[in-house]
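Worksheet: one structure, shown below.
Taken together, the values in this text are just the output of simple stated rules run on the coordinates, not laboratory data. All values derive from a computational prediction rather than experimental measurement. Counting neighbours? That spans all protein chains shown, and the Cβs are built from the backbone with ideal geometry, glycine included.
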Amino acid sequence: MSETIITRTHRKERTGEVVSNKMTKTIVVRVERRFRHPEFKKVVTQYNKFYAHDEKGEAKVGDRVRIQETRPLSKLKSWRLVEVVEKNTDAAPVAA
């Protein structure tokens with residue numbers, strides 16, 4: 001008999017900062033993207049916010065986290081928390 005190996009396709013991953021964790025099992029992650037403007041040649045910083053599923057509730061505001069794309073879990077949520085890369089040392093919340 002031949003064994004079939006199921007391989008999952010490559011999923012997008014982003015690293016960002018947790019902006020909010022006020023929802024149950026959901027975090028909001030702000031991801032920074034820097035690129036050079038094609039016409040003006042200036043480095044532009046753009047931010048995107050992603051809603052991610054946090055099953056265990058381990059991510060806190062200000063933490064650096066890695067999220068991965070997944071199937072849609074709700075209207076806005078289609079990412080899930082992979083790991084907390086770096087814990088926040090400040091006690092003050094981060095402004096969005």
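Only beta bridges with both residues in the chain are counted; by DSSP, about 90 percent of them are antiparallel. Its Cα centre serving as origin, the range 13-86 has a Cβ charge dipole (Lys and Arg +1, Asp and Glu -1) of approximately 320 debye. In terms of distances greater than 25 angstrom between alpha carbons, the cross-link table entries Lys12/Lys49; Lys41/Lys87; Lys22/Lys77 yield Lys41/Lys87. Matching the structure-derived P(r) over Cα pairs in 5 Å bins from 0, in percent against the labelled list [x] 3, 13, 20, 19, 14, 11, 8, 6, 3, 2, 1, 0, 0; [y] 2, 9, 6, 6, 6, 5, 6, 5, 5, 5, 5, 6, 6, 5, 5, 4, 4, 4, 3, 2, 1, 1, 0; [z] 2, 11, 13, 15, 12, 9, 7, 5, 5, 5, 5, 4, 3, 2, 1, 0 gives the label [x]. Of all the options Arg14, Arg30, Arg71, the one that moves most in a Gaussian network model of the chain with Cα springs shorter than 10 angstrom is Arg71. In summary, the aspartates and glutamates within cross-link reach of Lys42, defined as a Cα separation below 18 angstrom excluding same-chain residues under 8 places away, comprise Glu32.
Between Lys42, Lys25, Lys56, the residue with the greatest mean-square fluctuation in the GNM of the chain (Cα pairs under 10 Å linked by springs) is Lys42.
Computed from the Cβ-Cβ distance with R0 of 35 Å, the FRET efficiency linking Arg11 to Glu39 stands at 0.60.
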